1. Give me the mean projected area, in nm² to one decimal, of the convex hull enclosing the Cα positions of segment 376-433.
2. For Cα pairs less than 8 Å apart in space and 6+ apart in sequence, what is the mean separation divided by the residue count of segment 231-304, i.e. the relative contact order in percent?
3. Between residue 87 and residue 441, what is 0.36 nm times their sequence separation minus the Cα-Cα distance? Round to one decimal in nm.
4. Relative to the longest principal Cα axis of the chain, at what angle does helix 178-200 sit, 0 to 90 degrees, rounded to 10?
5. How high is the FRET efficiency between residue 376 and residue 405 when r is their beta carbon distance and R₀ equals 25 Å, given to the nearest 0.05?
6. What percent of all Cα-Cα pairs in segment 174-270 falls in each 10 Å bin, counting up from 0?
7. Would you mind estimating how fast segment 7-135 diffuses translationally, via Stokes-Einstein at 37 °C and 0.692 mPa s with the Kirkwood radius over Cα pairs, in µm²/s?
8. Given labels modelled 7 Å from the Cα in the Cβ direction, how far is it in nm from residue 206 to residue 459?
């Protein structure tokens, strides 16, 4: 549908026509900038407020006040704000008239050149000699006003406090909310810190296919697409796992990848159809070694990003100091649900006991799924401090080696912080015969309409048959770690452009 300008937008379109009629270029191609706003102020203050610091700054006009033959304007760039001190006798009547008539207005981008000075109010400012319009804003940005209450909390008012509108128009959200910009800077720092840590561990960063002929490495429903020229159905990857393991077969000792995964599943405060994932695989270690790498990596990122091993999340103070608590799946369920599932070693008997206790569940699930349900209902929400849950049921962990003490569990762990699952790891299965049987067992247990089909990947099995060394593997959602370290309530608050339902 063609753009239907609002009354305010129509007024700005009329101003654009006036500027054209006066010969003012509203969208010039060339820009000159010598300093950011922060650099300009720092250069002035470093010089002891001495005159002679010449700067050219660029930014969006956030405030403008015209009094007689003087105008005060604040412009903003990524580094912050700087004030422009504009006098008619320096910029000329024609340019000053554009400001006074609001033809150059709030939200427009401008370039200002001049000498740094300090106003009578004490603010470091640019005494403008030349001013240029760089881009005319045709739609005024939303107005967000902040009120600080007596208890120190900040409440926002205005026309842009609706969360959904802010997610849909993230560009406007970023433009008017400095805290939002800081959140995404911090997210970027989280990823950089994780890379630094893994590089320091001697791991090699790699890239594997996003379009895959067979999806695998996780229990999830994929997105399907089609390659027209090859007439081939393809899947957006749900995991990097099977390709990264192929690289270990190829001779690398340790590899990792940070990138996008895609899962055609539900949306919630901690789920988005596409999300950023980290996976690493390292030869000659087991899941106990991976526990140490994982906890130290998260602690390293927290220290690098926040300067502390403690963080606040939804009123909880979380302490990331290592080592973290380690507890088996069996013991944590006994602790919180007061049931020892090993007294009920098949699905039928565990179902009967859960029914007798009044525990709701979906009938017909494998034994491991019932165990997982007990954990998610009774234990998971209570795991606020970092906790490593280890030794998972074999039938929900198709890529992990069995534990030494029974046939029902495998060497797998997940770690939880603030009641959220953050990462998943295994002592990886490297027996190709066992792996093939696990694929077949999973296929037999799969029911149409469920999300957890694990298709058999013959090429991956062929790679394993060449010989796969013992290894530990790990996967972690970057978005959830970003939620934790930035204290945000939803995954949408740490995704620049989260998926939204069609407004129509």
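Read-outs throughout are calculated quantities, based only on the coordinates presented, and are distinct from any laboratory measurement. Only a predicted model underlies this, so the values are computations on that prediction, with no experimental measurement involved. In this analysis, Cβ positions are derived from the backbone assuming ideal geometry, glycine residues included, and neighbour counts consider all displayed protein chains.
1. Mean projected area for segment 376-433: 4.4 nm², to one decimal.
2. Value for segment 231-304: 28 percent.
3. 119.5 nm
4. The angle comes out at about 50 degrees.
5. 0.55
6. In order of increasing distance, the bins hold 13, 30, 33, 20, 4, 0 percent.
7. Answer from the Stokes-Einstein relation: 221 µm²/s.
8. The answer from the label model is 1.4 nm.
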